[in-house]
Every structure is written in structure tokens, then in C-alpha cells.
Amino acid sequence: MRKTLGRVLPVAVLIGTMGTAGLTAQTATAAEPAAAAQATAGQGSAADIKDQILAIPGMSLIEEKPYPGYRFFVLNYEQPVDHRQPWKGTFKQRVTLLHKDVSRPTVFFTSGYNVNTNPRRAEPTTIIDGNQLSMEYRFFNPSRPDPADWSKLDIWQAASDQHRLFTALKKIYPKNWLSTGASKGGMTATYFERFYPRDMDGVVAYVAPNDVVNKEDSAYDRFFGKVGTKECRDKLNNVQREALIRREPLEAKYKAAAAENGWTFNTVGSLDKAFEAVVLDYTWAFWQYSLLADCATIPDAKTATDQQIWDTVDTISGFSAYADQGLETYTPYYYQAGTQLGSPDIKQPHLKGLSRYGYQPPRNFVPRDIPMTFQSAAMADVDTWVRNNAHQMLFVYGQNDPWGAEPFHLGYGTRDSYVMTAPGANHGANVAKLQDGEKALATARILQWAGVAPAADVFRADGAAPQTAAPLAAPDPVLDQTDLRRDSLRR
């Protein structure tokens, strides 16, 4: 333990904690599946680990799902609505636990959104062959207080959720811990480290945006002026222009789709505003989720039919994204983007004279009965802390990912920390996509931080990593699936 320190939503300050004594334990609510009851070597008897977990005050079982070589639990954990005033009420936060062995290190993962209730491994979990605790971010249903006091949705409260959960489980999993996440999850891992720097032994933050000054977004405009090739940029821009030129026939299709699917537009205000928001997301969403080679699938705007323009925009941006039904799940994200995290405001000069609303702010995507006030100091505080205090932190970005236009930076006060960029990669960038030398270094550092680096992996005097550094766990096509969010550009 160290003593120092979809727009597509990335796919936010008071430090301190208060005790949470008095939160009562919950009884298990689901029976243990018979097939999953078999323990593997080193895991103890079938009931042992479950009993230990459920002995934690406030922990209850939703279900256990079988998976070869692991025990996988879906759980609820009772958390204070306000960690500064824990006596004022609690809510149940959904978490999952992929248990391998208490003698292995553990990865603390969060997507920053809902938790996946199927067994999954984050890349660091595969690298260290460890356990994985995954937490649903507060205020994402069903992990939402009732009634919901939205002022309690901030980055410190969320980091305190992680700190309290880690403290409870560290007694059972005593080996090293790493935190990780991608996009908003990478931001979450970084904020956790900022507020509780003594908890984790290392941080692996993937494609984490760092919008320090919310009103200064020229870095995104520069990104879109040079990403990929001019030919590809022009094709994407021309589709956007053509979609707005053909607003009338395409909105007729939108009205028909809304009627068929039951979409409404009360939050954003009108179908016209939703339509334009989807179209303006198009180029960003392409680079976030696609590769340069995918430009071949973009139609020629000059010859494309209305249906072809509709299809490409719907495939890449998604016309359901700004309907009430598409926004509802992501209300907590848009709230945080409009109160602490910040959000990009790109210019898109090629749409001059065609755009009616511009790149709309998060306020437009949150119901008006939820108050929002932006806290400009939140991200500046985190950025300053990372530049001066980062210790055993790794930031991984994709070269062609728009969110990487405003990354985290390391200053002179940082130690054993790195920022690496995967060439040609999008928002799915990871260690495996880095160039060979950086991949070996990143893998070796992760193994070292987790306390499981092979004896042969001795670092040279210049700090270079051994070329033999590789993940300890065998690949698993189910556990290692990547669940990229394709709901909207803003996530």
C-alpha cells in the first residue's frame, strides 16, 4: 500500500470522510446456484468466501452466477447518501465481484455508469490474473437514492463510495489493489486516487478526458482539423452538411421512427433540436468508435439517397440518443458534465448557416426540475493534483480518439507514472494496442504495482521494462469482452 499519494460520454471539493457506523447488515436474498458452489484450488470451501462477503455490514446478495475458475457475485452494498453526514440516509449500491483467490491481487473497476451484471474482466485484471470488484456509479439506476438529492452526485461522494467499499473488502482481499476504468471510468479512477491516494497500489486510467477549463475547447477543434486524412474528414463533414440541408425529409423519417418506437422529446425540447444534436455528433462519434479504414463505409454525400444519409447517421450517432427514452439512463452523466466534469463545445465551421442550435450543452439533456450549477474549480483541482502528485499512475489514450484531445499531463512532482498513446486507436485504446516498447513497459509496471511481477522481470538501471512482460491470465473470449458504449457521442 503506497503511503504517498456519449458528448459520446466519456462514454468532477472538499477532502475528508466521516464514519458510517450504524449501517446495518442486509440478509442474502438469493440462493447460491448449485453448479457455482464448487470451489477451485486455493479458494476455500464453497460457502467460505460468500459468507465472508455477506458478513460485511450492509452487504447483501442479489445472485451468484457460475463461471469456470471463478466465483461471480452480484451484490448490493448499503452506502450513505452523503458521506459527510452518513446519519441522514442510505441507498443500495449495486456491485459485482469476480472472485479468483484471496491470495491474488484485486482490481477495482468502474465504468462510471451502470455495472455489467455478467462476468467480465478489465484488461488489468487479465494482466495480473486477479480478482475484480466492479461498482455501479451512484445515481445510475438502480443505485439511486429515493428521493434523489442531486446535489449529492459529485466526484468526491463517488470517490468516497469507492473508499468505503474498498475499506470493507480489503480485510478479505489483503494483497495489492489497482483501480481502473475507461472514459468516465478512467476519470473516476483518477478522482478516487486524488481524494484517497493511500488506498490503491496503482491506477490504470484508459481514455480519460481532462476538461480543465470548460469554456476553452479549442483543442477539440484542432483535433478535428487534423485527425485521419483530409479525404476522410471531408466525407464526414459532407454527410453532416447534407443531413442538415435535407432536414425536412430526414425529420419526416425521424417523426415516423419516433411514432413507431414511442420516442418523446420533452427534455431536449423538440424533435428538431434532437435531430440536430444527433447530426452534430456524427463526426465525433465516428472517430470515437471507428477506425480510419472505416471511412470506406461512409457514403458520398453528393450521390447518397435520403435513406443512405439517414442510415449512416443513425448507425454512427443513433437517432434514439436524444429522445427522452435515450437520455433517461444517462441523466446522471449529463448532470455531472454540467456541474463538474465539463463538456466539449466544438465549432464545426463547415455547418455555418445550417446549424440552428450549435453544439448543445448538458443542461439541454437533463430534466429542468433538476437544478444544475457548474463548479469550475473541480477539474482544475484534479488536474493540478495529478501534475504534482501522481504516483504509480498510467494514462492510456487513442491517437484518433476525440476525448484524448484534452488529456491528463504529468509534471515534475510525479513518480513512476506515464501517459501513453496507442497509434491509430479510438476510444477503445488499451495496453495491448500500444507500440511494443510501451506495451512491455506498461505491462511490467502493472505487474509490479500489483506485486506479482515474475522474478525474471528485473528492470534495468535505466528503468526500461523487460521485453518478456506479458499478461499472467490466459485470454478468455467471454470474460475479456469490451463493452463499448454506442448510445451517443456524448457518452
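The values are calculated or read from the model by the stated rules, or taken from the named source; none is laboratory data. These numbers come from a predicted model, not from an experiment. Neighbour counts are summed over all protein chains in view; Cβ atoms, including those assigned to glycine, are modelled from backbone coordinates with ideal geometry. SASA here: full protein model, heavy atoms, side chains in, ligands and nucleic acids out. Shrake-Rupley method; radii C 1.70, N 1.55, O 1.52, S 1.80 Å.
Order 290-301, 227-238, 338-349, 175-186 from most to least packed using the mean count of other Cβ atoms within 10 Å. Intermediate values should be presented prior to the final figure.
Details: 290-301: 14.9, 227-238: 16.8, 338-349: 21.1, 175-186: 26.5.
Going by the mean number of other Cβ atoms within 10 Å, highest first, we get 175-186, 338-349, 227-238, 290-301.
Report the paramagnetic label zone for residue 221: residues of the range 342-384 whose backbone N is under 11 Å from a point 7 Å from Cα along the Cα-to-Cβ axis.
Inside the label zone: 345-350.
Sort the chain into rounded, prolate or oblate with this rule: let a ≥ b ≥ c be the square roots of the eigenvalues of the Cα gyration tensor; rounded if a/c is under 1.5, and if a/c is not under 1.5, prolate when a/b is larger than b/c, oblate otherwise. List each step's numbers first, then the result.
Values: a/c = 1.71, a/b = 1.41, b/c = 1.22.
Verdict is prolate for the chain.
Which order, highest average first, do 100-107, 121-128 follow once you tally other Cβ atoms within 10 Å for each residue and take the mean per peptide?
Numbers: 100-107: 22.5, 121-128: 26.1.
Order by mean packing, descending: 121-128, 100-107.
Over the range 135-209, what relative contact order in percent results from Cα pairs under 8 Å that are six or more residues apart?
Details: 87 pairs, mean separation 22.1, N = 75.
Over the range 135-209, the number comes to 29 percent.
Dipole size in debye (nearest 20) for the range 47-180 around its Cα centre, Lys and Arg Cβ +1, Asp and Glu Cβ -1?
Working: 18 positive and 14 negative charges, 32 e Å.
Result for the range 47-180 is approximately 160 debye, rounded to the nearest 20.
How long are the semi-axes of the equivalent ellipsoid of the range 266-329, taking √(5λ) for every eigenvalue λ of the Cα gyration tensor, in whole Å from largest down? Provide the component values of the computation, followed by the final result.
On the way: eigenvalues 108, 41, 14 Å².
The answer is 23, 14, 8 Å, longest axis first.
Out of all DSSP beta bridges in the chain, what portion is antiparallel? Express it as a percent rounded to 5.
Details: 22 of 45 bridges.
Percent antiparallel among DSSP bridges in the chain is about 50.
With a 1.4 Å probe and all protein chains left in place, how much accessible area per residue does the chain have, in Å²? Mind showing how you got there, number by number?
Numbers: 19360 Å² over 491 residues.
Value for the chain: 39 Å² per residue.
Give me Rg/Rg_expected for the range 155-210, where Rg uses Cα atoms only and Rg_expected = 2.2 N^0.38 Å with N residues.
Details: Rg = 10.8 Å, N = 56, 2.2 N^0.38 = 10.2 Å.
Ratio of Cα Rg to 2.2 N^0.38 Å: 1.07.
Is the shape of the range 251-398 rounded, prolate or oblate, going by the alpha carbon gyration tensor and its root eigenvalues a ≥ b ≥ c, with a/c under 1.5 for rounded and a/b larger than b/c for prolate? Show your work: numbers first, answer last.
Values: a/c = 2.23, a/b = 1.39, b/c = 1.60.
Since a/c reaches 1.5 but b/c is at least a/b, the shape of the range 251-398 is classed as oblate.
Which pairs, out of 65/92; 184/302; 226/439; 273/433; 92/253; 230/352, put more than 30 Å between their alpha-carbon atoms? Let's see the in-between values first.
On the way: 65/92 20 Å; 184/302 37 Å; 226/439 26 Å; 273/433 38 Å; 92/253 42 Å; 230/352 19 Å.
Long pairs (Cα-Cα over 30 Å): 184/302; 273/433; 92/253.
For the peptides 401-409, 445-453, 323-331, what is the packing order when you average, over each peptide's residues, the other Cβ atoms within 10 Å and list the highest mean first?
Values: 401-409: 23.7, 445-453: 21.9, 323-331: 19.0.
Put in order of decreasing packing, that is 401-409, 445-453, 323-331.
Could you check the spin-label model distance between residue 482 and residue 376? Points 7 Å from the Cα along Cα→Cβ, value in nm.
3.7 nm
Sticking with the crude label model, points 7 Å out along Cα→Cβ, report the distance from residue 245 to residue 347 in nm, one decimal please.
For the pair residue 245/residue 347, the computed spacing is 2.3 nm.
If you roll a 1.4 Å probe over the chain with all protein chains in place, what percent of the accessible area is carbon or sulfur?
Values: 10130 of 19360 Å².
Looking at the chain in its full context, I get 52 percent from C and S.
Let me have the 222 nm mean residue ellipticity of the chain computed from DSSP H runs of 4+ only, each contributing -39500 (n - 2.57), with the sum over all residues rounded to the nearest 500. Show your work: numbers first, answer last.
On the way: 14 runs with 150 residues, N = 491.
One gets -9000 deg cm²/dmol as the mean residue ellipticity at 222 nm.
Which of the listed residues, 386, 367, 400, is farthest toward the dipole's positive end in the range 356-414, when Lys, Arg count +1 and Asp, Glu count -1 at the beta-carbon?
367
Calculate the dipole size of the chain relative to its Cα centre from +1 charges on Lys and Arg beta carbons and -1 charges on Asp and Glu beta carbons; express the result in debye to the nearest 20.
So the magnitude is around 700 debye.
Could you derive backbone 3J(HN,Hα) for the range 443-453 from the dihedral phi with the Karplus parameters 6.51, -1.76 and 1.60 (θ = phi - 60°), listing whole Hz in sequence and x where the residue is Gly or Pro?
So the Karplus estimates, Gly and Pro as x, are 4, 5, 5, 4, 4, 5, 4, 7, x, 10, 5 Hz.
Cα gyration tensor of the range 119-201, axes a ≥ b ≥ c as square roots of the eigenvalues: rounded (a/c below 1.5), prolate (a/b > b/c) or oblate?
Numbers: a/c = 1.78, a/b = 1.62, b/c = 1.10.
It is prolate, given that a/c is not under 1.5 and a/b is the larger ratio.
Tell me which residues come under 5 Å, amide H to amide H, from residue 419 once H is placed; ignore anything under 5 positions away on its chain.
Sorted by chain and number, the residues that satisfy this are 395.
Just to check, using Stokes-Einstein with a Kirkwood Rh over alpha carbon pairs, what's the diffusion coefficient of the range 154-276 at 25 °C and 0.890 mPa s in µm²/s?
On the way: Rh = 18.9 Å.
Value of D from the Cα-based Kirkwood radius: 130 µm²/s.
Using alpha carbons only, how many angstrom separate the centre of the range 132-208 from the centre of the range 361-439?
Distance between centres, Cα-based: 16 Å.
Considering Cα pairs under 8 angstrom that are at least six residues apart, work out the relative contact order of the range 164-289 and quote it in whole percent.
Taking the mean separation of contacting Cα pairs over the length of the range 164-289, I get 17 percent.
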